[in-house]
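Worksheet for the structure shown next.
What follows draws every value from the coordinates through simple rules; no lab data is involved. Values in this document were obtained by computation on a predicted structure and should not be read as measured data. Reconstructed Cβ throughout: ideal geometry from the backbone, glycine too, with neighbour counts over all protein chains shown.
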Amino acid sequence: MASISIKNLDKTFGKDVRVIQNFNLEIVDGEFIVMVGPSGCGKSTLLRIIAGLEDLTAGEVFIGNDIVNEIPAKKRNIAMVFQNYALYPHMNVYQNLAFGLKLRKFPKPEIEKIISETAAILEIEELLSRKPKALSGGQRQRVALGRAIVRDPQVFLFDEPLSNLDAKLRLQMRTEIKKLHDRLKTTMVYVTHDQVEAMTMGDRIAILKDGVIQQLGTPQEVFSRPTNIFVGSFIGSPPMNFISGNIQNNKFINEIMEIELIDVKVGKSAEGSKVTLGIRPGDIALNDEGIHLKLIASELLGDETILHLSAGDDTILVKLPSIYNAKIGDEIGVRFNLSEIHLFNSKGKRISN
């Protein structure tokens with residue numbers, strides 16, 4: 001096991017395509033950290049730099065106490081699990097697992113012992129004689145995990161490993177990977193664009209945009225106290241609602257609503273300024289004495305309902321933990337949970353307590 005330290009890292013493609021900018025991150029020994037963000041934010045490039053598959057332009061990468069900038073990938077004692085499994089199609093599962101061990105001159109009895117233990121961990125004992133074409137997507141990904149485990153690396157790197165699986169298998173494999181971390185206690189860095197994976201798997205989450213960390217924290221921290229509008233919109237499903245307005249006499253005011261900021265503290269400099277109010281769909285309740293908004297769409301999702309309400313130029317989503325029947329065009333009364341209001345300035349940065 002080992003910590004990872006990334007210091008002042010820059011990555012530029014060509015002369016002027018700067019995909020990572022002055023990036024700094026400390027990953028403690030044994031931590032499961034998830035890097036999440038939209039396509040093109042630089043998360044996979046970062047992972048490849050840690051792995052030694054991509055050169056950096058500037059900065060330093062440490063694995064444990066060793067700087068690895070000039071160390072080739074095969075000597076970094078890391079294991080990487082890819083989106084496309086990367087199994088040898090002409091070899092059966094046992095041979096796929098044993099291949100790297102044979103290259104490292106492990107004796108046959110030790111190879112058999114390692115593979116037996118790994119197959120038991122991943123519950124793939126019955127698959128050892130099969131070739132990859134005879135396996136399901138989930139089984140192939142278990143084998144790919146197994147091939148990483150047998151290396152006994154200091155660090156596991158995962159590059160969107162569940163993207164090719166259906167929803168049911170993704171749920172199952174999320175659980176399996178988390179259980180694997182709990183068992184092995186090895187440092188893991190996991191890259192995904194799926195915020196549900198990030199929220200359910202990571203000890204901490206690094207949310208990236210344009211090669212810059214927007215927020216780093218536990219799943220609960222980034223959900224409950226987003227540092228800016230981007231984080232609030234990216235984390236959470238459905239995403240946070242954003243409503244434009246002004247601060248006047250400690251009230252949020254626009255043409256549609258007036259909300260007294262009882263449980264929200266902002267500095268005196270915010271008085272009279274334009275702000276954006278953020279509130280999550282689950283923090284809005286139906287209330288006939290509240291603000292009345294017009295229903296423009298409704299989504300029934302089994303045991304919950306998402307209402308889309310018109311609020312002038314903004315659309316507000318309301319998440320109800322039950323089935324709710326209403327007609328398009330109905331006026332719906334809602335009330336915000338005042339203790340769960342977030343305020344952001346004109347630059348999108350958080351200004352509320």
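The table that follows gives values for the structure above.
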read-out: Surrounding net charge for Ile205, when Lys and Arg each add one and Asp and Glu each subtract one, Cβ distance under 12 Å; value: -3
read-out: Dipole of the chain [Lys/Arg +1, Asp/Glu -1 at C-beta], most positive-end residue of Ser3, Leu169, Ser273; value: Ser3
read-out: The chain: most fluctuating residue of Arg76, Arg147, Arg280 per GNM, C-alpha cutoff 10 Å; value: Arg76
read-out: Residue exposure sequence - His292, His342 - by fewest surrounding Cβ within 10 Å; value: His292, His342
read-out: Part-to-part distance (alpha-carbon centres) for segment 196-274 and segment 314-351, which is given in Å; value: 13
read-out: Taking Tyr88, Tyr94, Tyr324, Tyr190 and counting other C-beta atoms within 10 Å, the order from fewest to most; value: Tyr88, Tyr324, Tyr94, Tyr190
read-out: Whether segment 41-180 is rounded, prolate or oblate, judged on the alpha carbon gyration tensor where a/c under 1.5 counts as rounded; value: oblate
read-out: Long-range lysine pairs (8 or more apart or interchain), segment 238-344, Cα under 21 Å; value: 7
read-out: Set of aspartates and glutamates with alpha-carbon distance to Lys131 below 17 Å, sequence-local pairs under 8 removed; value: Glu123
read-out: Net +/- balance of residues flanking Leu171 in space, Cβ distance below 15 Å, scoring K and R +1, D and E -1; value: +2
read-out: 26 Å Cα-Cα reach of Lys15 towards lysines, excluding residues that sit fewer than 8 places from it in its own chain; value: Lys7, Lys43, Lys209
read-out: Residues Lys105, Lys185 arranged by fewest to most Cβ contacts within 10 Å; value: Lys105, Lys185
read-out: Set of lysines near Lys105 by C-alpha distance (under 23 Å), chain-local residues within fewer than 8 positions excluded; value: Lys74, Lys75, Lys113
read-out: GluC sites (Glu not before Pro) restricted to DSSP loop in segment 248-328 with at most 15 other C-beta within 10 Å; value: Glu255, Glu271
